[in-house]
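The numbers here are math on the coordinates, done by the rules we state, and not lab data. Just so it is clear, the model here is predicted, and its values are computed rather than measured. Here the Cβ positions follow ideal geometry from the backbone for every residue, glycine too, while neighbour counts run over all protein chains shown.
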Amino acid sequence: MALSSATLVFDILLMVILAKTWGNRANVLIAYLTPVLLGNFVLKQIFQDPRPDLACSTTYGMPSGHSTAAGAIFITVMVLHQQHVISSSHFTLFYGLRMPLQAYSRIYLHYHTVRQVLVGFPLGAVFALVLYQYFPISAKKQEIPRKFVLNEIPEQYRLIRLQNEKFESLMV
């Protein structure tokens, strides 16, 4: 499970980096996170479908979160390629083959049933397609502001850490 989760984190980071502009990056994250969060926190509680008997997890399995993410990433790659943000056909083909295989691996490893995966993958794909209608990808290329990466991100982290320390001191 850890390897599969690590590959999904790597995949979404790669998609965000390849998106080229801050607007595209935000839209990619929205199109990826919305179906995954909706599936994991809302739909699993609605369906309450147990995982296969051999699964180690005690949480509900419908829809498969990894398959939902795979569907969203699959559509993200296709949209980035269609909008000429990703120009490599090999890259697109690689993800076009890999994402369905990742969804299948959830069945093979007995983390999910076929039905849970068959609901998860299209759920992620459909939600990503719908969200890209409202949060489109643009082919404009723009460099990441170096100042933002070097200054703003560490500053935001510092502020969050300070807020956590204040909260913890209030709890004592």
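Provide the gained length on full extension for the span Val42 to Thr59, in nm with one decimal, where the gain is 0.36 nm per separating residue minus the Cα-Cα distance.
4.8 nm
For the pair His84 and Leu13, the difference between a 0.36 nm per residue extended length and the Cα-Cα distance amounts to 23.7 nm. Amide hydrogen proximity for Arg51: with H placed 1.01 Å from N in the peptide plane, the residues at 5 or more positions away or on another chain lying under 5 Å are Gly61. Per-residue Karplus couplings for segment 91-105, computed as 6.51 cos²θ - 1.76 cosθ + 1.60 with θ equal to phi - 60°, are listed in order as 4, 5, 5, 4, 6, x, 8, 6, 4, x, 5, 5, 4, 4, 4 Hz, Gly and Pro entered as x. Applied to segment 38-53, the Karplus parametrisation 6.51 cos²θ - 1.76 cosθ + 1.60 on θ = phi - 60° returns per-residue 3J(HN,Hα) values of 4, x, 6, 9, 10, 5, 4, 6, 6, 6, 6, 8, x, 6, x, 4 Hz, with x for Gly and Pro. Here r is the Cβ-Cβ distance between Ile30 and Leu162 and R0 is 25 Å; the resulting FRET efficiency, rounded to 0.05, is 0.35.
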